[in-house]
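One structure is given here, and the rest of the page talks about it.
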Amino acid sequence: MTGPTAFTVNGQPVRLDLDPRESLLDVLRERLALTGSKKGCDHGQCGACTVHLDGRRVVSCLTPAIQVHGRSVTTIEGVSGVGGLHPLQEAFVDNDALQCGYCTPGQVMSGLACIAEGHTGDDDQIREYMSGNLCRCGAYTGILAAVRQTAALREE
C-alpha cells in the first residue's frame, strides 16, 4: 500500500490508501461503490469505463488510481443535477440512444467531453470523437442524435 491518496470524486473529497496496482475503475466501483462506470474490456478499448479526470475524458480501467492524487474525477453519478437528468442523459432517452444500457455511462461521459471540446461541427466529427466508445447493440444512430441535440442546446 502507498500512503494516503487524496482526490475529489463528484465534488466530494476522498482519502484512501491505495495499492499501486489498483486501477481508477476498480477503486471507483469496489471501494467507493460508484458502479455506474462499467468494466467492459479492461483493456481501454471499449470506453465503457470512461470518466472525466480534471475535465478530460479517460478510460478509468487503464488509469492507475494513485495518479489521481490531488485531482478531480467526475463519474456518471456526478453528471446529473439534483432533481433531474443532465440534458445529454435526457437526449439519450429522447433519441432511443440505448438498448441494453451497458455502454451508456461511458457514451454519456464521452459525449459530454465531445461537446465541451467543441467537436460537434458535423456528424462525421462527432463520430470520430466518439469512436473510442463501442456499443454492442448498435445504438449509434441514437447516440449521434443525442450528442447533436445536446450540442445544439448549448449553442442556443
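The values are calculated or read from the model by the stated rules, or taken from the named source; none is laboratory data. The structure presented is a predicted model; accordingly, all values stated were derived computationally and were not measured. Cβ: placed from backbone, ideal geometry, glycine included. Neighbour counts: every protein chain shown. These accessible areas exclude ligands, DNA and RNA; they are computed on the full protein's heavy atoms, side chains included. Shrake-Rupley method; radii C 1.70, N 1.55, O 1.52, S 1.80 Å.
Relative contact order of region 1-98, taken over Cα pairs closer than 8 Å and 6 or more residues apart, is 30 percent. Computed from Cα atoms, the angle from the helix 140-155 axis to the main principal axis of the chain rounds to 90 degrees.
Put one equal scatterer on each alpha carbon of region 60-115, apply the Debye formula with no solvent term, and list log10 I(q)/I(0) at q = 0.14, 0.15, 0.28 1/Å to two decimals. Values returned for q = 0.14, 0.15, 0.28 Å⁻¹ are -0.46, -0.52, -1.24.
Computed from label points 7 Å out along Cα-Cβ, the spacing between LYS39 and CYS137 is 2.3 nm.
Available extension along the chain between ALA6 and HIS119 is 37.5 nm, counting 0.36 nm per residue and deducting the alpha carbon span. In this structure, the amide hydrogen of SER23, modeled 1.01 Å from its nitrogen in the peptide plane, lies closer than 5 angstrom to those of ALA65, counting only residues at least 5 positions away or on a different chain.
Taking the accessible area of the chain, probe 1.4 Å, and keeping the other protein chains in place, the carbon and sulfur fraction comes to 49%.
Applied to region 29-35, the Karplus parametrisation 6.51 cos²θ - 1.76 cosθ + 1.60 on θ = phi - 60° returns per-residue 3J(HN,Hα) values of 6, 8, 9, 10, 6, 9, 9 Hz, with x for Gly and Pro. Calculated over region 110-156, the projected area of the Cα convex hull averaged across directions stands at 2.9 nm². Please say if region 1-43 is rounded, prolate or oblate, where rounded means a/c under 1.5 for a ≥ b ≥ c the square roots of the C-alpha gyration tensor eigenvalues, and otherwise the choice is prolate for a/b larger than b/c and oblate otherwise? Note, shape of region 1-43 comes out oblate.
Remark: region 1-59 carries 52 Å² of accessible area per residue (probe radius 1.4 Å; ligands, DNA and RNA excluded). Each 5 Å bin, from zero up to the one with the longest distance, holds this percent of the alpha carbon pairs of the chain: 2, 10, 19, 22, 19, 13, 8, 4, 2, 0. Enter the Cα centre distance for the pair region 3-63 and region 77-154, rounded to the nearest angstrom. Using only Cα atoms to place each centre, the spacing works out to 20 Å. With all protein chains in place and ligands, DNA and RNA left out, the 1.4 Å accessible area ranks ILE66, ILE76, ILE126 as ILE66, ILE76, ILE126, largest first. Please determine, in degrees from 0 to 90 and to the nearest 10, the orientation of helix 104-116 with respect to the longest principal axis defined by the Cα atoms of the chain, where the helix direction is its Cα long axis. Taking the Cα atoms of the chain, the angle to 104-116 is about 80 degrees.
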